[in-house]
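Student: Structure below; questions to follow.
The values are calculated or read from the model by the stated rules, or taken from the named source; none is laboratory data. What you are looking at is a predicted structure, and each value in this text was computed from that prediction instead of being measured. Note that we place each Cβ from the backbone using ideal geometry, even for glycine, and neighbour counts take in every protein chain shown. Each accessible area value is taken on the protein alone, full model and side chains, heavy atoms only, with ligands, DNA and RNA left out. Shrake-Rupley method; radii C 1.70, N 1.55, O 1.52, S 1.80 Å.
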Amino acid sequence: MSVTAGERLPKSVSVIQRGLDVLAATQDAEGSWYGDYGGPQFLIPIYVTGLHVMGRTPEPAQREGLIAYLRNHQNADGGWGLDVEAPSQVFTSVLNYVALRLLGVGEDDAGLRKARQWFLPRGGPLSSGAWGKIILALLGLYEYGGLQPIPPELWLLPESLPFHPSRLWCHCRMVYLPMSWLYGRKARAPETPLLAAIRHEIFDGTYAQVDWAAARERVSPTDVFTPRTFWLKAANQVMYGYERLAGARLRARSLDFALEQIRAEDEATHYICIGPINKVLNMVVWHFVNPEGPEVRAHLERLPDYFYEGADGVRMNGYNSSELWDTSFAVQAVAATGETERHRPMLEEAARFIEANQVLEDTPEPQRFFRHPSKGGWPFSTRDHGWPISDCTAEGLKASLVLEPLGLNRVPQARLQDAVQFILSMQNEDGGWATYELQRGPKLLELLNPSDVFSTIMVDVSYVECTSACVQALAAWRKHHPVPDARVDQAIARGADFIRRAQREDGSWIGSWGVCFTYGTWFGVNGLIAAGALPEDMALRRATAFLRSYQRSDGAWSEVVESCRQARWVEGKQGHAVNTSWALLTLAAAGEQSSDAAQRGVRWLRERQQADGRWPPEPIAGIFNRTCAIHYDAYLRIFPVWALAVCDKR
Ligand SMILES: CC(C)=CCC[C@@H](C)[C@H]1CC[C@@]2(C)[C@@H]3CC[C@H]4C(C)(C)[C@@H](O)CC[C@@]45C[C@@]35CC[C@]12C
């Protein structure tokens, strides 16, 4: 049945109610939506390596689950990709091979034989992306002389230098911090017959003949997303030279400095750490410092925070959860349906979670440990994690303000004000907002990105998503708290300018943390509208025209991770409910909810719902650093309900 422009479809009541029932049924006891946050395929090997270096193995049940997971996600060609949907790379293939061997799978296992057949002809460890070599060096399966140098002395350089480590994006900084300590110590697991056997297997018996200096430069084309620049190669040359001369006293001082920073990170995050990589690496550092010490024990206790049991085995997640983020969106989605009385208990619980997870104080000595003040911010996951993010704070604030008129907000006014201050303190000079901190270094630092497989990891820069969320939150705050505040007004105006400048020629915005143009454009449009853009604004009209031009004949929208990698729209095989929801939310925000395009999308979304109230699984909708997909478990439960609610309002 075709729908003519302006014709209204019957209200999606039962579809929305079934969707809401699913949301209610899957809410956690703490009021959040806890779920899988997996996808990257380099986390389990880093974990297994860490344990092995420490002379430990996972508990038997976890061991079985990890093996199952790795087997389930081996590609048909024998390798493993950067994430579960990606084509094979040497980095993840060698590491997952080693992980399976350390977990007890035999060298003659058919899957492992196939893996060797995939990575050996491609150069094996010698042509792995950079992080693979570092992890192998820890196991003594690669020589430190074959790595790009990571001297801890970099930390002792004047902080005013544009490339001082404190200027790096905090994720990059926090991963390279323990790496620099381990590199500075040339830390290495004790040799065992198993490691000797694995070394023989992954080098096909050629380890003794390797030219390690040449190996530093080698990377398989499969692992290159960000080619090494002239500047990186030059910096590496300087650092190789330094490494040969490095004096013991300066090395010791820099190792102490790095260790102090590691301790600060551990304590500020209750040993969860900013992410799973530095979590494991920091733990390994402490193992080398004091294997029986309290730090190692504290780390071991918080390891479970990163694991999730799925039908495909035990997954290691990319964060300690996405709870605050998902809960904030869920609240806004439920509120949009208007079903707030029926779902009051669900909202009450969510409000409790949001209140309980705001960060209430700064970390100790923030300047000494290069931390932006945290008070008032919300993190992506939980308060214990301790790293607030601009847009998570914005969504936490928006959700609180949505709960307020329902009498359900539990965050006191003074703390809402703190959140506003936190957001204001995070605005960059270009008017936009980055993720965790102000932009600290020049964008040109990206020319020194040594990771091979990731892009945009060096500097925290302004993103349309973060900027839009902050503008929306400040605008919502201004409505809620109509006391004139020039700082808020200016911040909104500057944010809107940034969003306008970030719009692409074709009317879209590219997403950096979601796939891809539907995500970015949802943020771009909502940011402008929150800042006061009128329906006839050309930026909005161009954005909706862009979306309409990519609508499928069945009414849906569909994008895949390749969209982010290639920075151009790449269509999926079929419609995706999450992309369709973002597109519909955008059209509705721009006043086009009754359009033919929107109503065809609504129809597709409604028909796609299963009898159990869920939408069927679909490809991953999350992304980071342009290359790695990451799964947002709750998106399929939140966004379709939200989109149907706003597109079917009378
Ligand atoms: C250091 C590298 C290259 C890899 C480790 C992985 C992490 C960088 C990323 C894993 C989770 C991310 C994506 C995290 C998740 C939430 C987003 C967001 C949705 C809040 C977004 O709007 C702002 C950026 C995010 C914080 C993220 C940054 C990158 C990760 C930590």
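Student: Pairwise over distinct Cα atoms, reciprocal of the mean inverse distance: report the Kirkwood radius of the range 276-335 in Å, one decimal place.
Tutor: After inverting the pairwise mean of 1/r, the radius is 13.6 Å.
Student: Could you list the GluC sites (Glu not before Pro) in the range 514-565 that lie in coil according to DSSP, counting only those with at most 11 other Cβ atoms within 10 Å of their Cβ?
Tutor: 536
Student: To the nearest 0.05, how large is the calculated FRET efficiency for residue 263 and residue 489 if R₀ is 56 Å and r is the Cβ-Cβ distance?
Tutor: Taking R0 as 56 Å, the efficiency between residue 263 and residue 489 is 0.85.
Student: How much length is gained if the chain between residue 208 and residue 77 is pulled fully straight, taking 0.36 nm per residue apart and subtracting their Cα-Cα distance, in nm to one decimal?
Tutor: 44.3 nm
Student: Quickly work out the residue 251-to-residue 541 label distance, labels modelled 7 Å from Cα along the C-beta direction, and quote it in nm with one decimal.
Tutor: 6.7
Student: Something else now. Just to confirm the filter: which trypsin sites (Lys or Arg not before Pro) across the range 158-226 are DSSP coil and have at most 16 other Cβ within 10 angstrom of their Cβ? Mind showing how you got there, number by number?
Tutor: Numbers: sites: 167, 173, 185, 186, 188, 199, 216, 218; in loops: 186, 188, 218.
Answer by residue number: 186, 218.
Student: Can you give me the angle between helix 248-268 and the longest principal axis of the chain, using Cα atoms only, in degrees from 0 to 90, rounded to the nearest 10?
Tutor: 30
Student: Any idea what the relative contact order of the chain is, in percent, if you count C-alpha pairs under 8 Å spaced at least 6 apart?
Tutor: 17
Student: Find how many whole Å separate the alpha carbon centroid of the range 551-585 from the alpha carbon centroid of the range 418-439.
Tutor: 30
Student: Let me ask something else. How high is the FRET efficiency between residue 554 and residue 480 when r is their beta carbon distance and R₀ equals 45 Å, given to the nearest 0.05?
Tutor: 0.65
Student: Now a separate question. Which of the GluC sites (Glu not before Pro) found in the range 128-200 are in a DSSP loop and have at most 15 neighbouring Cβ atoms, other than their own, within 10 Å?
Tutor: Those that pass, being in a loop and sparsely packed, are 159, 191.
Student: In square nanometres and to one decimal, what's the mean projected area of the convex hull around the Cα atoms of the range 350-454?
Tutor: 8.3
Student: Next up: Using the eigenvalues of the Cα gyration tensor, what equivalent ellipsoid semi-axes result for the chain when each is taken as the square root of five times the eigenvalue, whole Å, largest first?
Tutor: 42, 28, 23
Student: Now a separate question. At 1.4 Å probe radius, can you tell me the per residue accessible area of the range 275-318 in Å²?
Tutor: Each residue of the range 275-318 exposes 36 Å² on average to a 1.4 Å probe.
Student: How large a share of the accessible area of the range 352-405, in percent, is made up of carbon and sulfur atoms when the probe is 1.4 Å and the other protein chains stay in place?
Tutor: Ligands and nucleic acids excluded, carbon and sulfur reach 51 percent.
Student: Report, largest value first, the span of the C-alpha coordinates of the range 329-412 along each principal axis, in whole Å.
Tutor: 49, 18, 18
Student: Would you mind computing, in nm to one decimal, how far apart the modelled labels at residue 157 and residue 28 are, each placed 7 Å from Cα along Cα→Cβ?
Tutor: 3.9
Student: For 349, 607, give the ranking by accessible area with the largest first, probe 1.4 Å. Walk me through the numbers before you get to the answer.
Tutor: Details: 349 55, 607 135 Å².
Correct descending sequence by accessible area is 607, 349.
Student: Based on the Cβ-Cβ distance of residue 501 and residue 288, what FRET efficiency does E = 1/(1 + (r/R0)^6) give at R0 = 35 Å, to the nearest 0.05?
Tutor: The formula returns an efficiency of 0.15 here.
Student: May I pose another question? For the range 74-146, what % of the accessible area comes from carbon and sulfur atoms, probe 1.4 Å?
Tutor: 49
Student: Can you give the accessible area per residue of the range 1-131, in Å², using a 1.4 Å probe?
Tutor: On the way: 4760 Å² over 131 residues.
Averaged over the residues of the range 1-131, the accessible area is 36 Å².
Student: Of the accessible area of the range 464-532, with the probe set at 1.4 angstrom, what percent is carbon plus sulfur?
Tutor: Here it works out to 54 percent.
Student: Could you provide, to the nearest whole Å², the per residue accessible area of the range 167-226 with probe 1.4 Å?
Tutor: I get 42 Å² per residue for the range 167-226.
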